[in-house]
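In what follows, a structure is listed as structure tokens, so that the remarks can point back to it.
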Amino acid sequence: MSMNKQDINQLISNVIGVDVAEVSADAHFFEDYNCEPTDMIELKLQLEDALKSKIDQDEFDRLETVADLYELIEEYTDDFID
């Protein structure tokens, strides 16, 4: 499955309710977007569904920024498109 930053940004927007134009690589999920833990659970589930793959929970729990998520997803895709 291929995924790009735009796909990830759209998922973030859909799950946490911020405008897709406001999603930026340096944004912190909890500080900038006021994510709740349930938002992060939903985001992980949506990503796993899109990737057709399970994401390691410990790796996911270490995410702080959108850039961290880009790096993590790059590990799970065959052809991550920047």
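Only the coordinates and a few stated rules stand behind these numbers; no lab work does. What you see is a predicted model; the values in this text were computed from it and never measured. Here the Cβ positions follow ideal geometry from the backbone for every residue, glycine too, while neighbour counts run over all protein chains shown.
Odds and ends about this structure:
- Where only C-alpha atoms are counted, convex hull volume of the chain per residue in Å³: 78 Å³
- Residue order, fewest to most beta carbons within 10 Å, for Val18, Val66: Val18, Val66
- Here the contact order of the chain, divided by its residue count and restricted to Cα pairs under 8 Å and six or more residues apart, works out to 46 percent.
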